[in-house]
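Inspection log for the structure reproduced underneath, given as structure tokens.
The values are calculated or read from the model by the stated rules, or taken from the named source; none is laboratory data. No experiment lies behind these values; they were computed from the predicted model shown. Glycine also receives a Cβ, built like all others from the backbone with ideal geometry; neighbour counts cover every protein chain displayed. Accessible surface is based on the protein model in full, side chains and every heavy atom, while ligands, DNA and RNA are left aside. Shrake-Rupley method; radii C 1.70, N 1.55, O 1.52, S 1.80 Å.
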Amino acid sequence: MTGQERSEEKSECVSLSPMREAVPAPPECERVCVFGTGDLGRSLGLRLLQAGYGVVFGSRRPHSSSSLIPHGSQVLGHAAAAQSGHLIFIAVQREHYDFLVPLANQLKGKVLVDLSNNLRKNQYPEANAEYLQSLVPGAEVVKGFNTLSAWSLQKGPSDANRQVYICGESVQAKQAVMAVATKLGFSALDRGFLSVARELEDFPLQLFPQWRLPLYIATGLSAAFFFYLLIRDIIYAYFTQGKDISFRIMVSLANKVCPIVSLIMLSLCYLPGVLASFLQLYRGTKYRRFPDWLDRWMLCRKQLGLLALGFAFLHVLYTLIIPIRSVEHSLKCTRMHIRENRTTEFDTTTAWSGDSYLSLGILGFSLYVLLGITSLPSVSNVLSWREFSFIQSKLGHLTLLLCTAHTYLYGWNKFLSSSTYKWCTPPGYMLCLVLPSVVLLLKLLLITPCVDRTITRIRQGWERRADQRNPKNSQPLIP
């Protein structure tokens, strides 16, 4: 480097705030470069500084950018910054990649980490990382860190997603980037060659991919039962009795729809596990894939359970509102009984069923909340697999049992009453009891000793076909 080039580099280098406020890196620390002083670039630079790296920012206007970047870092022009480190993070949009073309010689042999994303899928004919590689063919381009937001980088992996996806052509370059991700506290996953970059760039554009099926199910069930109960309760009263009780749509009807959908969604949360157990029992092995529909169903069980919990919360709120709204009606009935000097005999059976109904509902909802809390990543991460399985499986089926019993007690004396079947249709709560009853009966079969022992052996690697081929090595299912 000539003296003139050194003087130009010194003129581009801008010192940050006073040294007493700076967080200087150790002299022997590894230096990395970040092209871009936007929100993402600054957040990444701050995380790198906290991890012990020396950070040099590359900017078009280094003098005006000096007040924006974190303390303890440097800001240089792009050409000077490119020479300061072997690993360079490109935290700029694809539209601004042109400035890299004149730097092709300085970037030759360096590792460029592309952090960019697009506004929509298939916005460009090739992935941004592939386009970057075509602009700087002498560099090793790696796609990574694009699934992290500036906020998640600032808060750290404890409050954000720990997964960082990496792809690229060079194994050494990917290992260098993965080492940085690990040092920052993230979990790096190598997804393969640079041709996978388009898939990684589409990840941030996905809108609730695992929530779509549960939301469709919840919306469909809510609409179906809403119109079903609207016909049975509101329209039936208008046509047969001439009563206009449409005001019940907002609270009373909604309070019937919410528990029905909640119980069905909770049943759908545990039904795929039961079906998977029977499928393994039928096949006699665990080394065969489940059907795609069952595999997808099992992957969205958490979302089904959380939506069921949401409907249960709405049911509790509506239940608390209804007595407040009905105070005036209760007072009118009481005054009418006083004027007529009429008394109502206390029914012990009704009192027992009512208190039991409320008690089971409270217990079921309490376990419901416990299931929801333990599904949070911050809680599930501190639980062992056995603890998590006990809560989500054992206590989950107990929750389903309590909520099903709660619904049975609600209409225990109405099942055989002809007045219950308006227009020859069963009430909504009777319909919603079908699926949870089936799930509980199937689960009861699975926990019987002989069936449970067989399933346990299958999940430990035993295969029925292997024993048929080698009858001498086979063991009886029931000793």
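When the criteria are applied in full, Thr399 meets the requirement of being out of contact with any Pro (no Cβ under 7 Å at 6 or more places or on another chain), at pLDDT 95 or above and assigned to a helix (DSSP H, G or I).
Of all residues in segment 133-148, one or more are of a type outside the set (Asp, Glu), open to solvent by 10 Å² or more (accessible area, probe 1.4 Å) and free of Cβ contacts under 8 Å to residues at least 24 places away in the same chain. The set of residues in segment 379-396 that are touching a residue at least 40 places away in the same chain (Cβ under 8 Å) and either β-branched (Val, Ile, Thr) or open to solvent by 30 Å² or more (accessible area, probe 1.4 Å) (or both) contains only Ser393.
Test Val101 against the criterion of being in contact (Cβ under 8 Å) with a residue 24 or more places away in the chain, of a type outside the set (Asp, Glu), under 20 Å from Phe57 (Cα atoms) and surrounded by 14 or more Cβ atoms within 10 Å (Cβ to Cβ), and give yes or no. No; evaluated as a whole, the condition is false for this residue.
Residues in segment 218-247 that are β-branched (Val, Ile, Thr) and at pLDDT below 95 were compared, and the one that is surrounded by the fewest Cβ atoms within 10 Å (Cβ to Cβ) is Thr240.
Each residue in segment 408-432 was checked for being in a helix (DSSP H, G or I) and touching a Pro at 6+ places or on another chain (Cβ under 7 Å), and 1 pass. Looking across segment 405-446, the residues that are open to solvent by less than 80 Å² (accessible area, probe 1.4 Å), at pLDDT below 95 and of a type in the set (S, T, N, Q) come down to Thr407, Ser417, Thr420, Thr425. Here His63, His71 are screened, and the one residue that is more than 12 Å from Gly38 (Cβ to Cβ), modelled with pLDDT under 90, over 35 Å from the mean Cα position of the chain (by Cα) and assigned to a loop (DSSP other than H, G, I, E, B) is His71. Scanning segment 215-274 for residues that are basic (Lys, Arg) and in a helix (DSSP H, G or I) yields Arg232, Arg248, Lys256.
Scan segment 248-288 for residues that are of a type in the set (Val, Ile, Thr), touching a residue at least 60 places away in the same chain (Cβ under 8 Å) and surrounded by fewer than 23 Cβ atoms within 10 Å (Cβ to Cβ) and the total you get is 3. Is there a residue being at negative phi and under 21 Å from the mean Cα position of the chain (by Cα) anywhere in segment 277-288? There is no residue in segment 277-288 that is at negative phi and under 21 Å from the mean Cα position of the chain (by Cα).
Scan segment 214-239 and report the pairs whose first residue is in the same structural domain as Pro427 (by TED's automatic domain parsing) and whose second residue is polar (S, T, N, Q) and open to solvent by 40 Å² or more (accessible area, probe 1.4 Å), with Cβ atoms within less than 9 Å and a gap of 6+ or a chain change. Close Cβ pairs (under 9 Å, with a partner that is polar (S, T, N, Q) and open to solvent by 40 Å² or more (accessible area, probe 1.4 Å)) amount to Ile234/Ser246; Tyr238/Ser246. Considering each residue of segment 180-203 in turn, at least one proves to be loosely packed, with under 14 Cβ neighbours inside 10 Å, farther than 22 Å from Lys443 by Cβ, in contact with a strand residue (DSSP E or B) (Cβ under 9 Å, 6 or more places away or on another chain) and free of Cβ contacts under 8 Å to residues at least 24 places away in the same chain.
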